[in-house]
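These notes are about the structure you will find just below.
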Amino acid sequence: EAGVAQSPRYKIIEKRQSVAFWCNPISGHATLYWYQQILGQGPKLLIQFQNNGVVDDSQLPKDRFSAERLKGVDSTLKIQPAKLEDSAVYLCASSLANRVSTDTQYFGPGTRLTVL
Amino acid sequence: DAKTTQPPSMDCAEGRAANLPCNHSTISGNEYVYWYRQIHSQGPQYIIHGLKNNETNEMASLIITEDRKSSTLILPHATLRDTAVYYCIVRVNTGNQFYFGTGTSLTVIP
């Protein structure tokens, strides 16, 4: 079974530029998550989708970050404009379904963003 | 916010058992404990999870205390490839959100 796919793996941009990350979850997984992981810290949840609807985006900086999952499968996360403090690894995860007692999340390899 | 407390680092000799503790004193009765690990430059990898009873799979064992306020992840025969950051997470049931802490950096020593 293929895992969670993410691209690109690495991205370097200058501050105030825009950037987008792509995620393809495990086939059949209804729930998709985006996390931000700053160096030395654990991952922080940014947004959670159930199919193509947003379940939780309380920690997403909405003035510059946006995410969509239009057809309930692939998802993109965008930053516009980027700031130096956005330098981090952006992780995508997926799980079968929400509100299930043993719903395990599976993570992709992440995209490492460097903002100069 | 993370609902768990873990030591920041631990060492373990290769071939010995690695015992990683986690405190989750505010856990609710229906919240699960999950363990993940993250090897450098990779995404977190699922290891094991449990509710009340001890659990074992091909990777590890999870021991949860009777009052559920703490747990221990056991890697029975640590290898160099087990060197990683290990995260203990209490899963929020209402939305399946995971709140990661800073984890325990385990170093397996030859």
For the protein assembly as shown, accessible area per residue (1.4 Å probe, heavy atoms of protein chains only), Å²: 49 Å²
Unsatisfied cross-links (Cα-Cα over 23 Å) in the set A:Lys44/A:Lys83; A:Lys44/B:Lys52; B:Lys3/B:Lys52: A:Lys44/B:Lys52
Heavy-atom accessible surface that A and B bury in contact, both chains counted, 1.4 Å, Å² to 100: 1700 Å²
Aspartates and glutamates whose Cα lies under 20 Å from that of A:Lys71, excluding same-chain neighbours fewer than 8 positions away: A:Asp56, A:Asp57
Rounded to the nearest 20 debye, dipole of the protein assembly as shown from Cβ charges on Lys, Arg, Asp, Glu: 520 debye
Most to least packed among A:56-69, B:80-93 [average Cβ atoms within 10 Å]: B:80-93, A:56-69
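The values are calculated or read from the model by the stated rules, or taken from the named source; none is laboratory data. Just so it is clear, the structure is predicted and the values come from calculations on it, not from any experiment. Virtual Cβ from ideal backbone geometry, glycine too; neighbours counted across all protein chains shown. Accessible surface areas use protein heavy atoms only, side chains included; no ligands, DNA or RNA. Shrake-Rupley method; radii C 1.70, N 1.55, O 1.52, S 1.80 Å.
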